[in-house]
Amino acid sequence: MNYLKSITTSVLQSTGVTFPFSIGERIPGLDSSSSIWEIREGVKRDDGTPLTLFIYDSTLPPFQPGNKDRKTLFQLARNSLKKLRTIRHPDVIRYIDSVETETHIYIATERVRPLEGVLREWETGGALATSGSAKGKAKEEWIGWGVKSISTALAFLNSPPLSQHHAYIIPSNIFITPSLEWRLGGFDLLTGRDDQTGILWGLGGVAPGEVGDRSGPEVKKGGWGVLRDSDPALSDTYLLALLIFSLYNPLAPLPSLNTPPTPSSSGLIPKTLFPLWKRMLNPNSKTRLSTIGFIDEAISVGFWSNNPLVNLVSGLDNFELASESEKSSLLRIIKDASNSSSLPSPFVINKILPSLLHSLSLPTAPSSQMLPLVLDLGKLITSTSDYQKIVLEPVIKLYTSPDRGTRMALLDGLNEYADKLDNKMVQEKIWPNLITGFADTVPVIREATVKAVFPLANKLSDRILNNDLLRLLAKMQMDTEPSIRTNTCILLGRLAPILGPNTKKKVLVPAFARSLKDPFVHARVAGLMALMATVECFDRDDLAGKVVPNMAFTLVDKEKLVRDQAFKAMNMFMARITDMVENMPDTVLSEEKAASSYGPVTTTSSSTSNNQAGLANSAAGAAGALAGWAISSLSKQLSTPDMHSTMSAATALAVPSSSSNQGSPNPSLNGSPLTSPRISNDSTSPNVPGPSSGRFKSPSLGSSNGKPSSGLKLGGNSKTQAQRSSNLADVVASEWDDDNDNDAGNAWGNDDLIDVNADEDDWSAFESAPIPEIVVPPPQSYYIKPAVQKNVVSSNSPKPSPVSAFASTASRAKSPLNPSVSSMKSPQLPSSITSATNSPALSSSTINNNNNNDTWGDVEDDNQSITSSTTRTASPQKSSTNSQAQTQNLAGLSKEDKDKEMARRRAERQARIDAMKAQKKK
C-alpha cells in the first residue's frame, strides 16, 4: 500500500493533479484474474466520507492470464468511468468522484464489497451468519432479494432509451453495500445498441473472466458484433440466468447447456423460479425470456411476494405512503425478526435503522411505536462512533419536532441512549429544546420532562444545573398536578450530590420543606425521604438548625403513612447528630470563663452520679431543676457575709442624693449588694432567663413628687423590718410562688396575648390592618448642660440626675403604637402601683456603672444601660420589656384589682379587634 501511495503521489505531482482521496487497505474477496481493477478502501479528504476506490494502473506488467496488454485494457477502464459517471439507478453502484491521468484511473464510489467475499463470510459464520436453523433460510431470502435487484438494474439498462448491452454479467462484477444491498457494476463493456463504435464490438473478447464461456450461443458462433442489431434484453438475460445459477450454487460448475436444463441440473434454484430460468436459457435469442419479461413473470408467480426480506425492504422504501395499519404491521414484523435474530446485524444497522429514522422525522410517522423499536435495534451497534452517527444524530434532531408523540417517545426512551451522549451535544442541542416541555399544557409531557432530567444531569454545565434547572424545578414544585410536584421533589433529592455546595445550603431544605407542606400525601412522604437521602449534604449545624425544625411538625401529620416516615427520619437525624457531637469539646471557653458562665452545678435529684449535672429526664424533673438551678445560682454567687446578712434600706440600695450627685457628671450607685456578679462578659455566654425578668421589681430611685425614695421596694409594697431580714433567695422564690397568686398572670409578660381559643377573635384583621406610622422621638442628651440652664437651682434642691432627665424626656414622646400609661383610660390604680409606674426605674447595670457585671441580661455599653419603666410605655424603641413591666404591675395588686385590670385589658383588646374588622370591611 505504501508503494502504491508513493507511485500515486509521484504521478499526480508530475501531472499537477490534486488527489482528493486517502487510499486505505485493500478490500479482499475479488479474484484478480477476473477483473482489471484493484479495490481499496478510501476516505474523501474534504469531508471524511468513507468510500471505495477502484484503481487501474496501466504501468503494471501484462495482465494474466492471457498476457494481455495493460494499455489495451486501459480502454475498458476508461469506458467504465464514462458510463458510470452518467448512469444513476438505486441498484447500480453509485459514483462519487474520479481522477484520470495518462496512466491511472481512480473511481470513487459508495462503500461496497465484492459479492464473492460476502458469500464466503456468510458460509464461514462471520457477521452475516444468522443463528440456528434460520441460517439457510435467511441466506436464500437474501439471494432472492439480490436476484430482484440485479434483474431490475439490468432491465433498466436494457430498456429504452438507454438500450445498453451490459455483456459482462459475472459474479466478480456484483457488489454488496454495508447494508447488504446489491449493486450492479462492471461497466467495462457497456455499449449502446446504436453505438457503431462501441467498445463491445471490438474488445468484447479481451475482458478478463469467464465472459466468453458465459456468453450466448449466438455470440459464440458469430462473435460480439452480432449483438449490434439484437435486443440487449435478450442477450443479457442469458448471462443473468447463469449468474442466478452461480448465486444458488456458488461452488458448483456451470451446467452443460447442450441439452435443455432439467430440475436436477438447476441445483438449488427454487422450484418456482426453475420454469423462468429454463426459458431464459433458450438457445434461440428471439424466443428467449427477456430481462423485463423475467421480472414480470417472477412477480406473477409470487416468487418475491413470498420472500419476507423482499417484503420488508419494499415496506421500508414505501413507508411514507403506507396506511397506518400497514405501518404497524411492518413495525411488528421488524420487531419479531429482531427478537428472533433472523436478520443479519449489518442489514439491521445500515438498512432498517436509517430507513426508520428517516421516516420518523415525518409528521405522519407513528413515533410512539417507531422510536422504541429504533432504540432497541440500536443496541446491535457496538462502536460508539457508529452509534453516534447512525442513531444519535437523527434522534437528537427529533427534539426540534413539535409533535407531542415524538417528544414523549424521546423522553420515555432516554435511558437507552443517554449514556452515549456527550456534554456538548446535551447542552447545545438537547437542553434548549427539552426545556419547552416544562411549560407544556399537557401534564404528561411536563411530568416526563421532569423525569428525563436526571439521566442528563451529569452532562449539564454548572450554570444550567445550579441556576437554570433549579428555577424551572421551583416552578414545577408548584404545579397543579400532585404527581409532578412529587417527582420534582424526588428529582431534587437525586440531584443533590452533584449540586454546588452553596446551592445545597440554600435550596435543599426550603425545597423539601415546601414538599412537607404539600396537601398530597405522597409528596410529603417524598419530602421526608429526600431529606433522609440527602443527609450527607448537611453538616451538624444545618441538621440541628434547619432540617430537624423544618420537618418536626410532620411527626403529628394527619396521615399515618407520613407520621411513620417522619419518625424514621427523626430517629435517623438524631442518631447522626449524636454521632457528630461526640467529638465536640465540652466548652470553647477558658476554665475561668466557663465557671462564671455556667455558674454552680445543681440538680433536683439527690445524686448526679448517673446523669450529667443539671440535666433532667422528665418534664417534672426539668421544671424542678430549672427553679432549683436559678435559686441555687443566685445564692451561690453571693459572698458569704452577704448571704447571711439582712436586707435593709441602708444596705440594699444607696439612693443618690443631691449632695452626692453634685460633683459627678455621671452619677451612679456603688456597692449595692443587690447587684449580683455578671454571668459572663463573653459574647458567647448564654443569657439565663429567670424570675427577675418577669416579676422581680426594679428598685425605684425617686417618687412621683421628685423626692428621693427611702429604700428598696418590691412590687411597690413597703416591707417591714422582719420581712427585709429574709434571705434574698427566699424573696426571689416567693416571687415564683403562685399558691396565693393564681390570677397574677403569666410571669413571662404575655398577659396581653390574644386568647387563641377565642373563636370570635379574628387573626385576619391583624394581617390586613394598616401599619401605623412610627414616630421616633427626637434625640435627647443624657446630660443637662449647666450653660444652657436659665433657671438657677438652689443648692438646697437636689439636681436632676441624668436618669430622671432622660425619663422625663421620654415620657413626653408619644408613640403611636404604644400609648403612654397616663393617656389610657383605666380604673384608678392603688398608690403603690402608681408610684411604681411613674417613678423611673434603673436597671441593675446602671446601679453600678463601674462594675462590669449585671443581673439576667447583657448590656452593650455602660452609657446606654439606662432604662425606665416610663419609657417602656412611651416608646417601644427604648425597651423590649413592656409585657414584663405589666406583669410587675399586676403582681402588686390585690385579687379584686387584678380582676378589674384584666377585664379592662380584654375589653380594650376586643375593641381594637372590632375596629380592625370594621376597617377591613370598608
Gyration tensor verdict on the range 28-148 (Cα atoms; rounded if a/c is under 1.5, prolate if a/b is larger than b/c, oblate otherwise): prolate
Integer Hz, Karplus 6.51/-1.76/1.60 couplings in order for the range 528-537, x for Gly and Pro: 5, 5, 5, 4, 5, 6, 9, 4, 5, 7
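Hey, what's the range 422-581 come to in accessible area per residue, 1.4 Å probe, Å²?
Values: 7850 Å² over 160 residues.
Using a 1.4 Å probe on heavy atoms only, each residue of the range 422-581 averages 49 Å².
Exceeding 30 Å between C-alpha atoms, which entries from my cross-link table qualify? They are K82/K271; K68/K221; K83/K327; K424/K568. Present the calculation step by step, with values, prior to reporting the outcome.
Values: K82/K271 40 Å; K68/K221 23 Å; K83/K327 38 Å; K424/K568 42 Å.
Violating the 30 Å Cα-Cα cut-off are K82/K271; K83/K327; K424/K568.
Rounded, prolate or oblate: which fits the range 429-484, taking a ≥ b ≥ c as square roots of the Cα gyration tensor eigenvalues, rounded meaning a/c under 1.5, else prolate when a/b beats b/c? Show your work: numbers first, answer last.
Details: a/c = 1.96, a/b = 1.55, b/c = 1.27.
It is prolate, given that a/c is not under 1.5 and a/b is the larger ratio.
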Potential extension, D422-E25 segment - 0.36 nm per residue separation minus Cα distance: 139.8 nm
Interchain or long-range residues, amide H under 5 Å from I96's placed H: A108, T109, E110
Shape of the range 381-493, Cα gyration tensor, a/c cut at 1.5: prolate
Summed side-chain charge close to F156 - residues other than F156 whose Cβ falls under 11 Å, Lys, Arg +1, Asp, Glu -1: 0
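The values are calculated or read from the model by the stated rules, or taken from the named source; none is laboratory data. Just so it is clear, the model here is predicted, and its values are computed rather than measured. Quick reminder, even Gly has a Cβ in these numbers, built from the backbone with ideal geometry, and neighbours come from all protein chains shown. Heavy atoms of the whole protein, side chains included, go into the accessibility calculation; ligands, DNA and RNA do not. Shrake-Rupley method; radii C 1.70, N 1.55, O 1.52, S 1.80 Å.
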